[in-house]
Amino acid sequence: MRKFLCLCIIISLVLSLLGCNKQSKEFVEIPVTSYINPFISTANDHGQTDVAASVPFGMVKPSPDTNPIAHSGYDYSAEEIIGFSNTRFSGVGCRGVGGNLRVLPFVIAKGDSIPKGLAYSKESEKAKAGYYSVNLSNGVKTQLTANRQVAFHQYTFPESKNAGLIIDLASSYAGHVSHSYHIENGIISGKITSVNVCRKGKYTFYYAINFNHEVSEVTEDNSKLIFKFSTNKNQEVLLRCALSVVDENSAIQNLKLSEKLSFSEVKEQAFTSWNNLMDVVHVETENDTLKELFYTHLYHATQSPFIINDKNGVFRGSDGNPYKSNSSHYHGWSVWDTFRTKLPLFSFLYPNRYKDMLTSLKALYKQGKPDWATETEPFLTIRTEHTIAIVLDAYQKGILPFPLSDIYEEMKAEAEHLPFKSPDNVLESSYDLWALSEISKALGENADAKFYRDKAFEYKTLWKDKFLTMDENSDIMHGDGLYEGTLWQYRWFVPFDINGIQTMIGGKDEFENQLDYFFENELFNIGNQPDIQVPYLYNYTNSPWKTQRLVDQLLNKETNNWYGTHHKLEQPITRKIFSNTPDGYIKEMDDDAGTMSSWYVWSTMGLYPVFPGSTQLALTTPQFDKITIKTNDKPLQIIANGRTSKNIYIQKVTWNGEEINSSIIDFNLISKGGILQFELTDTPNKGWGKQN
């Protein structure tokens, strides 16, 4: 009996331990944010992203600036750091924008001059969501983190009688205009005005900086403030840099609001904020590289636009005037790029947050919304063409948070100034006119609807002249005055009238044949926006399986890529387009404010918004076994049964158990949750998906 009791006790203990182990495994589940690798696409013009320690949509983005400098300040392949600036716009073109208020810690021997830059230990460099650290050659360890409006720089110094900090008030990637400062009660505060992206317009913001160490001497060298002090071994100096778009006093108040926060608290809060944002979508696969790419690209997409209003809701508009919002006010637009992928992605994954973005765009219309930046921008920004299509897109999806009539007159005024100077102008402006005709129709403005629709369809005259017959001149970058791309790449950009161009070409089969020619002759350019939707146009033919094969190649295989931003290469770049390395994209492929990252996120989920302004989503093969997306209703589950590297073709698709035979699915159908299930095989089902 005693042996039996002992045996029972032993069994109970074993079961209890097994239960504890199970609970322990569940407890230490890896947060999705741990898959974010900020170093991806930061090297040598392979994406122009950065390693900024930031929060989602945060204003302030502290990060190292390197020599050579990149569009976002940081180049992974550089060997020298010239300082740590506090503003940037991830992934943008030209020379980038931001780079303001650059800080450099120094430690020198008596009589030596302060260096302009420092070598650093590559092995010591660390970056994760909301945090960056590096050891500099002068013995200073630098750590960065941030909340929405305040950057935290923690510098750990060696023992020195000649240490200090340099703050460069004129640092700027695109060009410095002016600055002011004064020092009072240990706070350096003032105003910065810099040049915006591509030297289009200017932005002005206010700052307040302090640090927790006694200064022995303050000097000024041109635009640089030099603060000298002595340090003990492992002396920690915490510098805070607060921003506001309102005025200097508001920046000081933002700084004071952060006084009780420690560096470690802010670092943890930043990581949590990223995890909360990423946690809206869970992907399941044994391929950790795929997870790393997915969450890093989603992370890159959610760097901008920036929330710029202060805690009291006040902000300055693009017209330079003060306003107040009861919700988050966003600024920092690149709509010409992002309307294609990123903004539709936000409507899908973050509809509640996206409503605030739409309200911010409405406010921009009321401020006079030009296509590019004004001379009185409150913060970094680029361009806003195709906002009309985005307004229509949100309306069609039922998430527009204001009546169309609120900005109808402003959109009509914008339509009067649409450009029609070049073939790409004609196609893009016609798209906006079509969107405005749909908005007019929704408002019951039938005469306007007919006027804008007729004007939109005038594109056909130009299309027949420039795009119907392709020849050796059709593969010239900037040919016929194109902004970026070739006639071959632009000819497909009529998403509102795919049937129309099919008819002009000679029917659906000939349209497919010419798509075949386009891809087989490697005329496609994944590295820029004009034709990034074209791989999905097979979904509008009798062969949707060709989209499945092509997208798999673009995501997973080596491909030949012949085009830079402004020229065709003599030899192709042959490699995978997307990799989880610092050269994460092909050469000269800018992320363009998250446009390309969003292309990747959409494509790996098996969906793509070919036609912003409609609710159509093209289907292709998901790259994950299962994707679970939180919605305002029940979860959306995307399940890929039989997913392997060879099983890239869709055999069957069901929605909540009911089979569908269309390669296009409605956004409004799936955005409220349900089960979208794919059956995959290694052989094309050439009969599936034709009933669009």
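Of all the helices (runs of 4 or more DSSP H) wholly in segment 229-338, which have at least 1 residues that are outside the structural domain of residue 643 (by TED's automatic domain parsing) and at pLDDT 95 or above? Working first, answer last.
Working: elements: 248-257, 263-278, 288-301, 335-338.
Here the list reads 248-257, 263-278.
For segment 84-95, residues that are surrounded by 24 or more Cβ atoms within 10 Å (Cβ to Cβ) and farther than 16 Å from residue 587 by Cβ total 8.
Candidates 452, 431: the one that is out of contact with any His (no Cβ under 8 Å at 6 or more places or on another chain), of a type in the set (Phe, Trp, Tyr), under 18 Å from residue 611 (Cβ atoms) and not in a loop (DSSP other than H, G, I, E, B) is 452.
Among the residues here, residue 132 does not qualify as part of a loop (DSSP other than H, G, I, E, B), of a type outside the set (Gly, Ala, Ser) and buried (at least 18 other Cβ atoms within 10 Å of the Cβ). Quick one: what pairs do we get from segment 380-402, first residue under 25 Å from residue 94 (Cβ atoms) and assigned by TED's automatic domain parsing to the domain that holds residue 344, second part of a helix (DSSP H, G or I) and of a type in the set (Phe, Trp, Tyr), C-beta under 8 Å, 6+ apart or different chains? Close Cβ pairs satisfying both conditions: 382/336; 383/336; 384/336; 385/336; 386/336; 386/431; 387/365; 389/431.
With respect to residue 181, determine if the residue is surrounded by fewer than 22 Cβ atoms within 10 Å (Cβ to Cβ), assigned to a strand (DSSP E or B) and touching a Phe, Trp or Tyr at 6+ places or on another chain (Cβ under 9 Å). Reasoning before the result, please.
Numbers: surrounded by fewer than 22 Cβ atoms within 10 Å (Cβ to Cβ): yes; assigned to a strand (DSSP E or B): yes; touching a Phe, Trp or Tyr at 6+ places or on another chain (Cβ under 9 Å): yes.
Taking the combined requirement at face value, the residue satisfies it.
Looking only at segment 410-423, decide whether some residue is assigned to a loop (DSSP other than H, G, I, E, B) and among the basic types (Lys, Arg). Scanning segment 410-423, I find at least one residue that is assigned to a loop (DSSP other than H, G, I, E, B) and among the basic types (Lys, Arg), so the answer is yes. Note on segment 248-281: residues that are over 19 Å from the mean Cα position of the chain (by Cα) and either surrounded by fewer than 16 Cβ atoms within 10 Å (Cβ to Cβ) or over 27 Å from residue 323 (Cα atoms) (or both) total 15.
Inside segment 511-538, can you point out the residues that are in a loop (DSSP other than H, G, I, E, B) and touching a Gly at 6+ places or on another chain (Cβ under 8 Å)?
Going through segment 511-538, the residues in a loop (DSSP other than H, G, I, E, B) turn out to be 521-528, 532-533.
Hits for segment 511-538 are 525, 527, 528.
If residue 638 meets every condition in (1) touching a Lys or Arg at 6+ places or on another chain (Cβ under 9 Å); (2) touching a residue at least 60 places away in the same chain (Cβ under 8 Å); (3) under 23 Å from residue 288 (Cα atoms) apart from one, which number is that one? The number of the failed condition is (2). For segment 583-601, the set of residues classified as of a type outside the set (D, E, K, R) and either surrounded by fewer than 23 Cβ atoms within 10 Å (Cβ to Cβ) or part of a loop (DSSP other than H, G, I, E, B) (or both) consists of 584, 585, 586, 589, 593, 594, listed by residue number.
One line per residue, one yes/no per condition, for (1) free of Cβ contacts under 8 Å to residues at least 60 places away in the same chain; (2) touching a Ser or Thr at 6+ places or on another chain (Cβ under 7 Å); (3) within 19 Å of residue 32 (Cβ to Cβ):
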residue: 599; (1), (2), (3): no, yes, no
residue: 617; (1), (2), (3): yes, no, no
residue: 652; (1), (2), (3): yes, no, no
residue: 662; (1), (2), (3): yes, no, no
residue: 666; (1), (2), (3): yes, yes, no
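Condition first: under 24 Å from residue 509 (Cα atoms) and within 32 Å of the chain's Cα centre (by Cα). Now tell me which residues in segment 654-692 satisfy that. Listed by number, the residues that qualify are 662, 663, 664, 665, 689, 692.
Mind listing just one residue for me: the one in segment 506-541 that is among the aromatic types (Phe, Trp, Tyr) and farther than 14 Å from residue 341 by Cα and, of those, surrounded by the fewest Cβ atoms within 10 Å (Cβ to Cβ)?
Taking segment 506-541 first, the residues among the aromatic types (Phe, Trp, Tyr) are 511, 517-519, 524, 536, 538, 540.
Still in the list and also farther than 14 Å from residue 341 by Cα: 511, 517-519, 524, 538, 540.
On the way: 511: 23, 517: 12, 518: 19, 519: 17, 524: 24, 538: 26, 540: 24.
Only one residue fits best here, namely 517.
Confirm whether residue 492 is of a type outside the set (Val, Ile, Thr) and outside any loop (DSSP other than H, G, I, E, B). Considered against the rule, which asks whether it is of a type outside the set (Val, Ile, Thr) and outside any loop (DSSP other than H, G, I, E, B), residue 492 comes out as no. Of all residues in segment 387-409, those being among the hydrophobic types (A, V, I, L, M, F, W, C), within 18 Å of residue 609 (Cβ to Cβ) and assigned to a helix (DSSP H, G or I) number 6.
So, residue 83, is that one in a loop (DSSP other than H, G, I, E, B) and at pLDDT 95 or above or not?
Values: in a loop (DSSP other than H, G, I, E, B): no; at pLDDT 95 or above: yes.
So residue 83 does not fit the description; no.
Residues of segment 146-176 that are more than 25 Å from residue 191 (Cβ to Cβ) and either part of a loop (DSSP other than H, G, I, E, B) or of a type outside the set (Phe, Trp, Tyr) (or both): 154, 156, 158, 159, 160, 161, 162, 163. Consider segment 361-377 and keep the residues that are closer than 18 Å to residue 325 by Cα and touching a Gly at 6+ places or on another chain (Cβ under 7 Å). The one that is surrounded by the most Cβ atoms within 10 Å (Cβ to Cβ) is 377.
For segment 555-606, name all the residues that are of a type in the set (A, V, I, L, M) and under 25 Å from residue 280 (Cβ atoms).
Restricting attention to segment 555-606, the residues satisfying the condition of being of a type in the set (A, V, I, L, M) are 555, 569, 573, 577, 586, 589, 593, 596, 601, 605.
Answer for segment 555-606, where residues must be of a type in the set (A, V, I, L, M) and under 25 Å from residue 280 (Cβ atoms): 555, 593, 596, 601, 605.
Every condition in (1) surrounded by fewer than 19 Cβ atoms within 10 Å (Cβ to Cβ); (2) under 19 Å from the mean Cα position of the chain (by Cα) holds for residue 357 except the one numbered (1). Put simply, of 194, 172, 178, 189 the only residue that is out of contact with any Leu (no Cβ under 9 Å at 6 or more places or on another chain) and touching a residue at least 40 places away in the same chain (Cβ under 8 Å) is 172.
Yes/no per residue for (1) buried (at least 21 other Cβ atoms within 10 Å of the Cβ); (2) among the aliphatic types (A, V, I, L, M); (3) not in a loop (DSSP other than H, G, I, E, B):
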| residue | (1), (2), (3) |
| --- | --- |
| 604 | yes, no, yes |
| 618 | yes, yes, yes |
| 624 | yes, no, no |
| 628 | no, no, yes |
| 644 | no, no, no |
| 659 | no, no, yes |
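Could you tell me whether any residue of segment 544-561 is under 18 Å from residue 663 (Cα atoms) and assigned to a loop (DSSP other than H, G, I, E, B)?
Here is the first cut: in segment 544-561, the residues under 18 Å from residue 663 (Cα atoms) are 544-552.
If we keep only those that are assigned to a loop (DSSP other than H, G, I, E, B) as well, we get 544.
Within segment 544-561 (the criterion being under 18 Å from residue 663 (Cα atoms) and assigned to a loop (DSSP other than H, G, I, E, B)), the answer is yes, since at least one residue qualifies.
Please verify whether segment 487-502 includes one or more residues that are small (Gly, Ala, Ser), over 30 Å from residue 682 (Cα atoms), touching a residue at least 60 places away in the same chain (Cβ under 8 Å) and surrounded by fewer than 18 Cβ atoms within 10 Å (Cβ to Cβ). No, because not a single residue in segment 487-502 is small (Gly, Ala, Ser), over 30 Å from residue 682 (Cα atoms), touching a residue at least 60 places away in the same chain (Cβ under 8 Å) and surrounded by fewer than 18 Cβ atoms within 10 Å (Cβ to Cβ).
The values are calculated or read from the model by the stated rules, or taken from the named source; none is laboratory data. None of the values given here were measured: they were computed from a predicted structure. All Cβ positions, even for glycine, are placed from backbone atoms using ideal geometry, and neighbour counts span all protein chains on display.
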